[in-house]
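The structure appears right after this line, and notes come after that.
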Amino acid sequence: MKRKVPLPEEMAKTYDVPNVEKALYQWWEEEGYFKPVDDESKKTFVISMPPPNVTGILHLGHAITSSVEDALTRYHRMLGDATLWVPGADHAGIATQNVVERELAKNGISRQELGREKFVQEVWAWKDEYLDRITNQQRSMGVSCDWSRERFTLDDGLSRAVREAFVRLYEKKLIYRGQYLVNWCPRCGTAISDLEVEHEDETAHLWYVRYWTPDHTESMTVATTRPETIMGDTAVAVHPEDERYQHMIGKELVVPVVNRRIKVIADEAVEKEFGTGAVKVTPAHDPTDYEMGLRHGLEFINVMNDDSTMNENAGKFEGQDRFVCRKNLLDDLREAGDLVKIEDLTHSVGHCQRCHTIAEPRISTQWFVRMKPLAKPALEAVRNGSIKIIPERFTKIYFDWLENIRDWCISRQLWWGHRIPVWYCQNCGAEICSREDPTVCPKCGSTNLKQDEDVLDTWFSSGLWPFSTLGWPDQTPDLERFYPISVMETGYDIIFFWVARMVMLGLEMTGEIPFHTIYLHGLVRSEDGKKVSKSMEDAWRYDPLLIVQEYGVDPLRFTLLTSSTPGNDMKLSLSRVEANRNFANKIWQASRFVLGNLGDDPGKYTPSGDPLDPAKLDDAIDRWIVSRYHSLVAEVNRLLSVYQLGEAGRQIYDFLWGEFCDWYIEATKVRLYEGETPAAEQAKNVLIYVLDGTLRLLHPYMPYTTETIWHYLPHQGEALIVASWPQEGPPNANAEANMDALIELVRGIRNARSEYDVEPGRKIAAIIAGHEMTEFLTEQQNVLKSLARIADDRLMLSETLDQVPQKALTLVIGTIECYLPLADLVDLDRERERLGKEAAQLEAEIERSEGLLSNEKFVNKAPEAVVQRERDKIADYQERLGRLRERLGSLD
RNA sequence: GGGCGAAUAGCUCAGCUGGGAGAGCACUUCCCUUACAAGGAAGGGGUCACAGGUUCGAGUCCUGUUUCGCCCACCA
């Protein structure tokens, strides 16, 4: 037996969809709607969810990712594509290790005390809890992803993919191990990649330090911001063409404190203008100096330990923290008279992305990926259009980074992550990189093997995500069918960390592009424009879970989807979420109206799924709304095809509220309240037809609200989530023009009533000459009476008028003349003034149009349609003006 | 040092291929009318940052300037 939708029997009077979100989600999932249809002939549409950090808490960044990806997924599912959205989570090496270490520290336990194996066990134990939390939070956003395919970057399959990728790169010599200068986080105790260093401008000091020649007869002064590295100096460098120092090049100087002799060298990297033009060279602690060290064959002296305390090379400062050492060293120098000068200086300082500790450039043995050979095809794939980036401007950023790419340090001195699959023979020293754990050394046969201690950068496994989640390296049916995936959707802040690396590794490992389209969304900021962070005082206001609690999922989703354009940041405004909650309520109430007017057998109004032809409808207002709806479908299709989700959403909003509710529903009331006339029956069919279709269009944005309402309305099919996307149908220009006139007329009358303080309840009289519009207005006279509050027996409608009432307000709407004899209320002087103003306005408009048309260039060069529009305008305005003048004359 | 983005109503933002400036919130007046007060009706409010240019026509395209934000870069 088919499981029933978990909804109350009756449609509630108030909007309470948030109360059924959970049940609906569960129902969707249990019905299997999130899985791709099992039909090989269908086109596929695939998205890989950017895996959230397993320790993460859902924030607005996740919420926007979820909203965009779910909207795309639902849209394509309704289009009939075999749609797959693959979810998963990231083990997030440093981040997770830090979190668990902190948890353990609460009980006074350190990672070192536990030892590697036990600590990793401990993290795994935590992982389940964390994973549960984050995935539940994601579910709460309504994500329609296939949880049966959920993956975790450290699970067996993905670990195998990581190892396979590593070994392949190793065998192609694209991975190498060596001693180089890397960024080191002393707090995390690991190397980090260039990308993981965040530079910030800080005010600091530039210390001028004097270095003497061994005989203490000559000296040179160098400027440094990091005096604690002095003990690692192995040269002083000047520019080769610096005349001030020519005589010193090649001479020896003595490093303060450690009294080591170094040479003065000449190198073009030195800027003559900066400081004294002489620079201390510390190849083991500075990127520029490192390069110089290589060029000049200098010694590399590391003066710090892993935790950035000074090591034995720092002489008397051994054991001191780098900044304590700095202070003490400066004191010593000052005392010796060799601290010549101190200047203020603003320079950028690198910090660890994860813990914000000042990173230390440091020489160290690490594993690297050779990037240039990988970057080349990745550049080509975007250049030749195989991969498209939206918005396009990020293409240049992608190019710039890849064109100047440097090797990627992938080893981390952590315990939580994929261990590097390399073993060292303790007997012969051989290095063994292998898919399987080796037991004997292939060179000497020794069984004394030791695996490399390091783990891989988290982003290494993320880089394989689009295909590792589909079963790679095995040629699984999923990989066969769903790879390459369709869209890679993520924030622009991780274009280098993740997106570019996926392209490179995807091309290298699978020989194919990993995805066709890269869609980058903007970052969410708080209302005052700051980056939303947990430390913010009013951070709770930007907690998606709390927002959802207060307003529901759909309003938040709709807000996130319609508040910005691709790639642009957005400031989330809660008043907007509230407004969209009101929108959801509006749809609910409108649907209640429709449902409540269908009578005892609503099923007979079930839409067939085929587009209605407005030309075949009897009522002009029906023709109008159907025509407008068809234009909406076409417009939404167009916008979605170019990823303009925001604009499409706004169009649906405007149509539903501003046209369907404000005008169509109001107009149908007249017919519906007449009873079961043929006209009423047609209205019901059209109401359902348009509402059903619009709910479909809105479903990707507001899945819960639309699914719920849809079930109460007569419908075909088992669930909206798997219902078909609306078809485009013919518009009807004539109906739209007629209705536009009616709307303008009603607004004009309402405006006049308001201006003359006619009580809202009072029904007034109206005398109308319809001219060409007479037939239409006659057909719709009851609607007109109802909307404009004209008394039943006091509407005089004819084609022309023999005589018009003196004491009456005058409205001229296109060809329609309308007089409102408001008797005692009408003040002829005031009326003259009002009409005079209107006439003046029309004159100005006519003058403007005539000006345009008298310009030969405009007439010749502008498109015919634009010129014609101006001509039509003049005709229309002149007709109106004529009538106004006539009326003004008759008032005298 | 290079690059990118933003600048539109009091606030938050749209304005997609250049053809008479829009929404939500806030504001004013009125209305609890049988879908909806989470609502309805009618309003007020903008030299589209500035200066040039292209064009018959520029919020939209080009150049420059200013302010803010971001990214990249071996600024000792």
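The values are calculated or read from the model by the stated rules, or taken from the named source; none is laboratory data. This one's a predicted model, so the numbers in the text were calculated from it and none came from an experiment. Cβ placement follows ideal geometry from the backbone for every residue including glycine, while neighbour counts extend to all protein chains displayed. Surface accessibility is based on the protein's heavy atoms, side chains included, excluding ligands, DNA and RNA. Shrake-Rupley method; radii C 1.70, N 1.55, O 1.52, S 1.80 Å.
The charge dipole of chain A, taken about its Cα centre with unit charges on the Cβ of Lys, Arg, Asp and Glu (plus for the first two, minus for the last two), comes to roughly 1300 debye. Surface analysis of chain A yields an accessible area of 44 Å² per residue, using protein heavy atoms and a 1.4 Å probe.
Please compute the length gained on full extension between A:VAL642 and A:GLN426, using 0.36 nm multiplied by the number of residues separating them and subtracting their Cα-Cα distance. Display every interim value, and only then the final one.
Details: separation 216, 0.36 × 216 = 77.76 nm, distance 5.88 nm.
This chain segment gains 71.9 nm when fully extended.
Of all DSSP beta bridges confined to chain A, the antiparallel ones make up roughly 70%. Which residues among the stretch A:15-46 fall inside the zone where the amide N is under 20 Å from a point 7 Å beyond the Cα of A:GLU512, along Cα→Cβ? So the set is A:36-46.
Each residue of the stretch A:216-229 is assigned a 3J(HN,Hα), and the resulting list reads 6, 9, 10, 8, 10, 10, 10, 10, 9, 9, 10, x, 5, 8 Hz, derived from the Karplus form 6.51 cos²θ - 1.76 cosθ + 1.60 (θ = phi - 60°), x at Gly and Pro.
All other residues whose Cβ lies under 14 angstrom from that of A:ARG168 are scored, Lys and Arg at +1 and Asp and Glu at -1, for a net of +3.
Each Cα pair under 8 Å and six or more residues apart adds its sequence gap; the mean of these over the residue count of chain A is a relative contact order of 11 percent.
Computed from the C-beta positions of A:ALA12 and A:ALA737 and an R0 of 41 Å, the FRET efficiency is 0.55 to the nearest 0.05. Projecting label points 7 angstrom from Cα along Cα→Cβ for A:GLU30 and A:GLU171 puts them 4.8 nm apart. Each peptide in A:555-567, A:261-273 gets a packing score, the mean of other Cβ atoms within 10 Å over its residues, and the list from highest to lowest is A:555-567, A:261-273.
Assuming R0 = 25 Å, can you tell me the calculated FRET efficiency for the pair A:ASP437 and A:ASP155, based on Cβ-Cβ distance, to the nearest 0.05?
Working: r = 18 Å, r/R0 = 0.71.
For R0 = 25 Å, the calculated efficiency reads 0.90.
With the highest mean first, a sort of the peptides A:43-50, A:855-862, A:295-302, A:244-251 on other beta-carbon atoms found within 10 angstrom per residue produces A:43-50, A:295-302, A:244-251, A:855-862.
Cross-link partners for A:LYS669 among the aspartates and glutamates, with Cα-Cα distance under 16 Å and sequence neighbours closer than 8 places in the same chain left out: A:ASP619, A:ASP622, A:GLU659, A:GLU681, A:GLU779, A:ASP792. Could you tell me what percent of the DSSP beta bridges with both partners in the stretch A:214-312 are antiparallel, to the nearest 5? Looking only at bridges with both residues in the stretch A:214-312, the antiparallel portion is about 65 percent. The packing ranking of peptides A:831-842, A:178-189, highest mean first, is A:178-189, A:831-842, where packing means the average number of other beta carbon atoms within 10 angstrom of each residue.
Toward the positive end of the charge dipole of the stretch A:342-425, with +1 on the Cβ of Lys and Arg and -1 on the Cβ of Asp and Glu, the farthest Cα among A:PHE368, A:CYS352, A:VAL422 is that of A:VAL422. Per residue of chain A, the DSSP helices (runs of n ≥ 4 H) give a summed -39500 (n - 2.57) that works out to -13000 deg cm²/dmol at 222 nm.
The loop-placed trypsin sites (Lys or Arg not before Pro) in the stretch A:713-816, going by DSSP, that have at most 10 neighbouring Cβ atoms within 10 Å of their Cβ come out as A:ARG762. Working from the Cα coordinates of chain A, the gyration tensor eigenvalues give, after taking √(5λ), semi-axes of 71, 36, 24 Å in decreasing order.
Once backbone amide H atoms are built at 1.01 Å from N, A:LEU84 has A:PHE45, A:VAL46, A:ILE47 as its partners under 5 Å, excluding neighbours fewer than 5 places away on the same chain.
Order A:ASP793, A:ASP90, A:ASP155, A:ASP128 by their accessible area, 1.4 angstrom probe, all chains in place, largest first.
The residues order as A:ASP793, A:ASP128, A:ASP155, A:ASP90, largest area first.
Structure note, pairs A:LYS763/A:LYS873; A:LYS785/A:LYS807; A:LYS586/A:LYS785; A:LYS13/A:LYS684; A:LYS616/A:LYS861; A:LYS35/A:LYS388: Cα-Cα distances above 29 angstrom occur for A:LYS763/A:LYS873; A:LYS616/A:LYS861.
Expressed as a whole percent, the accessible surface of the stretch A:99-140 that belongs to carbon and sulfur atoms is 47, based on a 1.4 Å probe. Its relative contact order, with pairs defined as Cα atoms under 8 Å and 6+ residues apart, puts the stretch A:243-372 at 15 percent.
Based on DSSP H assignment, which helices of chain A show an axial Cα extent of at least 27 Å together with a mean Kyte-Doolittle hydropathy greater than or equal to -0.5? If you can, show how the numbers build up before the last one.
Numbers: long enough: A:60-79 (28 Å, -0.08); A:116-139 (34 Å, -1.47); A:574-596 (33 Å, -0.27); A:620-641 (32 Å, 0.22); A:678-698 (30 Å, 0.52); A:733-755 (32 Å, -0.33); A:828-854 (38 Å, -1.00); A:864-891 (40 Å, -1.07).
Qualifying helices, which must be both long enough and hydrophobic enough, are A:60-79, A:574-596, A:620-641, A:678-698, A:733-755.
Under the criterion of Cα pairs below 8 Å and six or more residues apart, the relative contact order for the stretch A:730-829 equals 32 percent. Applying a DSSP loop filter and a limit of 13 other Cβ atoms within 10 Å to the chymotrypsin sites (Phe, Trp or Tyr not before Pro) in the stretch A:640-712 leaves A:TYR673.
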